Amino acid sequence: MKKIFFLSSLVIILLNINAQDIKSPEEFLGYELGTQFTLHHQAVDYFKYVADNSDYVSYISYGKTYEGRELGVVFVSSPENLADLEQIRKSNLINTGFLDGEEGGKQMPLVWLSYNVHGNESVGMEAALKTLYTLVTKSYEGSGDWLEECIIIIDPCQNPDGRDLYANRYRRSQSVKPNPNPDDWQHHQGWPSARLNHYLFDLNRDWVWQTQAETEQRLNLYNQYMPHVHADFHEMGSGSPFFFAPGADPWHEVITPWQREFHELTGKANAELFDESYKLYFTKESFDLFCPSFGDTWPLFNGAMGFTYEQGGGGYAGLALDNETGDTLTLADRIEGHFLATMATIKVSYENREKLITEFNNFFRSGLDKPIFEYESVIIKGDNDKATIASLLKLLEKNQVRYSLAGNTGKTYKAFDYLANKEGQVKITEGDILVSARQPQSHLMKVLFEPDSKYVDSLSYDLTAWSLPYVYNIKAYAVKDRIQESDRKPDLVTEKNEVPESKPYAYIADIQGFNQIKFITALLKDKIRVRSMLKPFSASDKEFRRGSLIIARGDNLNIKGDFDSKVVESANNADIKLYPVPTGMVQKGKDFGSNYSNLKYKPEIALIGGEGVSTGGFGELWYFLEREVEYPFTIIGLDYISSVNLTEYDVILLPSGSYSQQKEQLTEFVKQGGRLIVFEDAIKLFASEESTNLYKAVDARKKEKEKEEKKLASSDTTHLKKFENQRREMLKERSAGSIYRIGVDDTHPYVFGLGKEWFMMKTSSDHYPFLAKGNNIAYILNNEPVAGFAGNEFQEDVKNTIAVASENIGRGEVIYITDSPYYRAYWKSGRILLGNILFR
């Protein structure tokens, strides 16, 4: 007995010596946390150093950013738990239904802590350094017990590219001693915002969509463990104190009573620590739990306890900032705020560990027996565009939402028709895809496929609609009956064209969706000229729709090398079926050399960026060109555009922004034959130009409204509005990320492949009337959105307005696009529109 006691004491002494041997961040970095911003590679080095020198820590690298910086996490727990980590991981997945195997294996709370998803919310990584050292040295009360019963995962920086951009900019501008004066330049960073990643995407709005490499790689690791708790650490305006749970309304209805209770428990635990330090805070305001794009809601919809923590400060605060209250907010103060919230989160997880696991398992298992979605089955028709189907299925796989081929072929069911937005019916045909609500991801499946999410409060932080059939513009049906799965998996057969033995006169590619855009860009990059047919036609006993492509040998006699091999290879890479034909004379319609056969050369494209340009809008277009269509282009900065000869470009993209100083130059570009594509706020450049048809349409509508308006007398009591309702009053004029049905002129080449209707995410509050002269290509004919919230005044103004229109100015053309057609790069149906406008 004495020997056992002696050995136990020796183990404790040795473990304490090991902990004491670990250098603190201050010792390792050579400065005290809070006195300067740590660079990302320094933090990674420290995390690896601790993992190499402590049995309580294991480091895993899970990927790279677009700029090549390492992404990694540490697992912090007792050596025994870390030794069993793989078994614990598998048991967690088996007990929730994500992995086959015998249930009942060892589980313990996995608490995942994520910092710095926004690069300029710069305190996050500093707080992560302090958290790791505190846990490994067990220097916080109770932390030794936590490590025996929990596994804590720390991601110190989700957005290294943005974080280093901020830190390097700040270091470049900072004084020897921090200057807290808000006017000092160290508090004012330029364009683009360091909040965002390389492509200027907000990674905290990318969780469910996973368009960006950082998100996709992180959630690939996340899904291998499925943590029980996830906390996401942010910063807000420097004049605000601290926000912690519970969140504001609306809460999505799939959030369980236990998740609500846990939020209350965590909020109280935070309040205790903040009260002890006399720190101010607020709860139940601003940050709701509704849209699945975020680092709190997506984990909640994946069964975890998802939290957002917001520390007052942000990039503006720097190392020290004088607030309007007369106090000085320091980086050290901000580190302490996130540190306290971290400790509270782990403490509550530890204290409720048994119920945390039980309820987590039930969250997923309940979907197998009693789905909460009113529709048991969603049918996605197999004859939808192939590229769209492939993109949708990839998204489902990333989110671990299961699908299969539908059984019960030939049977007809009553169903909600998404595209018609009403009840109808669907007949199951061969190749249809089934997404059943009876699966572990039943809750998330409901969130993604419910036609219109229910909210108790329209005052939402972000979007209020996102149903996948509208995002992808696909034929889909929600059925209340349980439809059986087929025993076969969907097989998206790819086209394999062969080079013909005899040289055909031309190749035809029938109109398709985004694959056809990829085919066009591949050909144009090889300087192969392409024709786009404006009217339907028939050739070689086959009917071809308008928008079909002609790759004629006679247009490409200058091509060096094997013309046929290049065309066939490009078609196979884009999954396009080719139809070789021996003649340019059609059986019906217009011949290949007709004026209705538009010949396209390789266009030179420029994208405008710089101060005053929307970073989000710019980033979407940058990503689209570089990652989706892989087409070469030039980025031109507003600060030097006046010295650029714009006539060297065929197409220029103007993201939402202010271009008043460039108005004359851009107008002249159009007059000389250029194609100018203007988005959202950039439209105002031409809406204010009296010579344009757009200005005339806007002016005419303004005069019409003035005649119709009933002006209120100054004595009218409706002017009396309560101060507390100011934010709600503003909602009347805006769309909270709602989805609108878009009518299209399907004879126009810019919408070839979209069908007769489309759906668009409406966020802009600027509405433009139909053009009396010009092309009204896509438009809104209804007041009400298909899904989501739009205020009553917004609804009155949006009816009978354009979504996409164009007019000729001189020898060129301006295209107006009122809202992003490729919203946050997940609105995949908009790729076809963008591709057509750029390349047809």
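The values are calculated or read from the model by the stated rules, or taken from the named source; none is laboratory data. Everything quoted here is computed from the prediction, not taken from an experiment. Virtual Cβ from ideal backbone geometry, glycine too; neighbours counted across all protein chains shown. What goes into the accessible areas is simple: the full protein's heavy atoms, side chains included, and nothing from ligands, DNA or RNA. Shrake-Rupley method; radii C 1.70, N 1.55, O 1.52, S 1.80 Å.
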Q: Just one of (1) in contact with a strand residue (DSSP E or B) (Cβ under 6 Å, 6 or more places away or on another chain); (2) modelled with pLDDT of 95 or more trips up LEU694, so point out which.
A: (1)
Q.
I'm trying to understand the selection: among the residues of region 559-577, which are part of a loop (DSSP other than H, G, I, E, B), open to solvent by 30 Å² or more (accessible area, probe 1.4 Å) and at pLDDT 95 or above?
A. LYS577
Q) So ASN408 clears everything in (1) touching a helix residue (DSSP H, G or I) at 6+ places or on another chain (Cβ under 8 Å); (2) closer than 18 Å to LEU434 by Cβ except one condition, right? Which one? A) (1)
Q.
Let me confirm something: among GLU359, GLU336, GLU324, GLU351, which residue is open to solvent by 60 Å² or more (accessible area, probe 1.4 Å), at pLDDT 95 or above and either within 32 Å of the chain's Cα centre (by Cα) or within 30 Å of ASP183 (Cα to Cα) (or both)?
A. GLU359
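If you go through region 671-690, how many residues are outside any helix (DSSP H, G or I) and either touching a residue at least 60 places away in the same chain (Cβ under 8 Å) or in contact with a Lys or Arg (Cβ under 7 Å, 6 or more places away or on another chain) (or both)?
Filtering region 671-690 for residues outside any helix (DSSP H, G or I) gives 672-679, 688-690.
If we keep only those that are either touching a residue at least 60 places away in the same chain (Cβ under 8 Å) or in contact with a Lys or Arg (Cβ under 7 Å, 6 or more places away or on another chain) (or both) as well, we get 672-679.
Qualifying residue count, region 671-690: 8.
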Q | Wholly enclosed helices (runs of 4 or more DSSP H) of region 421-540 bearing at least 2 residues modelled with pLDDT of 95 or more and farther than 30 Å from VAL586 by Cβ | A | 442-449, 468-472
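Can you name every residue in region 111-141 that is more than 30 Å from TYR199 (Cβ to Cβ) and either at pLDDT below 95 or under 32 Å from the mean Cα position of the chain (by Cα) (or both)?
First, the residues of region 111-141 that are more than 30 Å from TYR199 (Cβ to Cβ): 111, 130, 133-141.
Of everything in region 111-141, those that are more than 30 Å from TYR199 (Cβ to Cβ) and either at pLDDT below 95 or under 32 Å from the mean Cα position of the chain (by Cα) (or both) turn out to be VAL111, LYS130.
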Q: Just name the residue that is nearest to the chain's Cα centre (by Cα) out of those in region 422-442 that are open to solvent by 10 Å² or more (accessible area, probe 1.4 Å) and within 11 Å of PHE373 (Cβ to Cβ).
A: SER436
Q | Condition check for ASP100: free of Cβ contacts under 8 Å to residues at least 60 places away in the same chain, assigned to a helix (DSSP H, G or I) and either open to solvent by 10 Å² or more (accessible area, probe 1.4 Å) or in contact with a Pro (Cβ under 8 Å, 6 or more places away or on another chain) (or both) | A | no
Q | Failed criterion for GLU813 (all others in (1) open to solvent by 10 Å² or more (accessible area, probe 1.4 Å); (2) touching a strand residue (DSSP E or B) at 6+ places or on another chain (Cβ under 9 Å); (3) farther than 29 Å from SER532 by Cβ; (4) outside any loop (DSSP other than H, G, I, E, B) hold) | A | (3)
Q. Looking at (1) open to solvent by 10 Å² or more (accessible area, probe 1.4 Å); (2) under 22 Å from the mean Cα position of the chain (by Cα), which is the one condition that is false for TRP298?
A. (1)
Q: State all residues of region 58-85 that are in a strand (DSSP E or B) and open to solvent by less than 10 Å² (accessible area, probe 1.4 Å); if no residue qualifies, say none.
A: LEU71, GLY72, VAL73, VAL74, PHE75, VAL76
Q.
Criterion first (at pLDDT 95 or above, surrounded by 18 or more Cβ atoms within 10 Å (Cβ to Cβ), polar (S, T, N, Q) and in contact with a His (Cβ under 8 Å, 6 or more places away or on another chain)) does SER91 satisfy it?
A. no
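Does PHE794 satisfy being open to solvent by less than 40 Å² (accessible area, probe 1.4 Å), touching a residue at least 24 places away in the same chain (Cβ under 8 Å) and over 23 Å from the mean Cα position of the chain (by Cα)? Even if it seems obvious, please write down each step before you answer.
Working: open to solvent by less than 40 Å² (accessible area, probe 1.4 Å): yes; touching a residue at least 24 places away in the same chain (Cβ under 8 Å): yes; over 23 Å from the mean Cα position of the chain (by Cα): yes.
Yes: the conditions hold for PHE794.
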Q: Select, from GLN212, GLN174, the only residue that is touching a Phe, Trp or Tyr at 6+ places or on another chain (Cβ under 8 Å) and surrounded by 16 or more Cβ atoms within 10 Å (Cβ to Cβ).
A: GLN212
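Quick one: which of ASN159, ASN197, ASN179 is open to solvent by 20 Å² or more (accessible area, probe 1.4 Å) and not hydroxyl-bearing (Ser, Thr, Tyr)?
ASN179
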Q: Pull up region 701-732, narrow it to residues that are at pLDDT below 75 and surrounded by 10 or more Cβ atoms within 10 Å (Cβ to Cβ), then point me to the one that is farthest from VAL786 (Cα to Cα).
A: LEU712
Q: State all residues of region 618-635 that are surrounded by 19 or more Cβ atoms within 10 Å (Cβ to Cβ) and of a type outside the set (Gly, Ala, Ser); if no residue qualifies, say none.
A: PHE618, GLU620, LEU621, TRP622, TYR623, PHE624, LEU625, GLU628, VAL629, TYR631, PHE633
Q.
Looking at region 362-381 only, could you name the residues that are modelled with pLDDT of 95 or more, crowded, with 18+ Cβ neighbours inside 10 Å and assigned to a helix (DSSP H, G or I)?
A. PHE363, PHE364
